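The values are calculated or read from the model by the stated rules, or taken from the named source; none is laboratory data. None of these values were measured; they are calculated from a predicted model. Ideal geometry is used to build each Cβ from the backbone, glycine not excepted, and the neighbour counts take in all protein chains shown.
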Amino acid sequence: MPRTRLVAGNWKMHGSRASNNALLEALVSGAGRLSGAECAVCPPFPYLQQVSDRLRGTPLAWGAQDLSEHAQGAYTGEVSAAMLCEFGCRYVIVGHSERRQLCGESDARVAAKFAAAQAAGLVPILCVGETLQEREAGRTEEVVGRQLAAVLEKSAIGTAVLAYEPVWAIGTGRNATPEQAQAVHAFLRKKVSGATRILYGGSVKAQNAAAIFAMPDVDGGLIGGASLVAQEFIAIAQAAAAGAARAGERIGI
Ligand code: PGA
């Protein structure tokens, strides 16, 4: 089943009005070269207006890095799904390992956030991934399976996107090998529909993207550090688009 590839940039807590402007201009001018793959950026909340103003009407989509599981109320510092919709977000990252680790987000809370995003019409990008200790203990499938099951107990996967992000590969410069990524993606694939996109994330760069995206169950990437450098991010998105063209040739579309 053909799946449109997606490359999403997670800006994390980086950026300023000035640096975002420069990055967005460069992305918009490179966007014409990306047909065949979808491309999105996820800035910090305060910059959603700036991003939507610049990207509306372009082929680039945008999203947020997190949301509240609540619709509204006395939740100081939180942002609801409906608010993200007002800023034109298509996507929202849910359950990123930094939020699980640094903010104590449990599987149950991630599942509630996922449901809130879907109910508002957003496309959640659900992150799952094991720590180095868990991988070395042979527990990778158990961990990602548990993280995914918590969500699927409450919600159907629908049009949501999955992202396999091994914690040991995030921001470390040590990416999973294409074969390591493929093995986990194939495991996850059995639990979702053939139409569900499964992204790989963790130290994806222009230089390793093509090999990772060549794997049959890797449908694009969730990109952190490299999404802040326009040329890198465009090159990664081009690798996804080129891979999509080759996969289309293989299955005759
Ligand atoms: P990285 O981050 O590309 O900088 O490793 C990926 C992520 O955290 O989504």
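General observations
- The residue list Ala195, Ala206, Ala156 contains one member that is free of Cβ contacts under 8 Å to residues at least 12 places away in the same chain, more than 17 Å from His96 (Cα to Cα) and of a type outside the set (D, E, K, R), which is Ala156.
- Selection status of Val128, within 22 Å of Leu228 (Cα to Cα), in contact (Cβ under 8 Å) with a residue 60 or more places away in the chain and within 16 Å of the ligand (Cβ to nearest atom): no
- Each residue in the stretch 155-172 was checked for being at positive phi and more than 8 Å from the ligand (Cβ to nearest atom), and 1 pass.
- Within the stretch 71-95, residues that are surrounded by fewer than 15 Cβ atoms within 10 Å (Cβ to Cβ) sit with their Cβ atoms under 7 Å from residues that are assigned to a loop (DSSP other than H, G, I, E, B) and of a type in the set (Gly, Ala, Ser), at 6+ positions apart or across chains, in these pairs: Ala71/Ser80; Gln72/Ser80; Tyr75/Ser68; Glu78/Ser68.
- Members of the stretch 79-118 that are aromatic (Phe, Trp, Tyr) and either within 21 Å of Ser52 (Cβ to Cβ) or not in a helix (DSSP H, G or I) (or both): Phe87, Tyr91
- Per-region count, the stretch 5-59, residues touching a Gly at 6+ places or on another chain (Cβ under 8 Å), polar (S, T, N, Q) and away from the ligand (no atom under 16 Å from the Cβ): 1
- The residues listed here are Ser68, Ser19; of these, the one that is of a type in the set (Ser, Thr, Tyr) and part of a helix (DSSP H, G or I) is Ser19.
- Counted residues, the stretch 22-55 - those being in a helix (DSSP H, G or I), at pLDDT 95 or above and not β-branched (Val, Ile, Thr): 16
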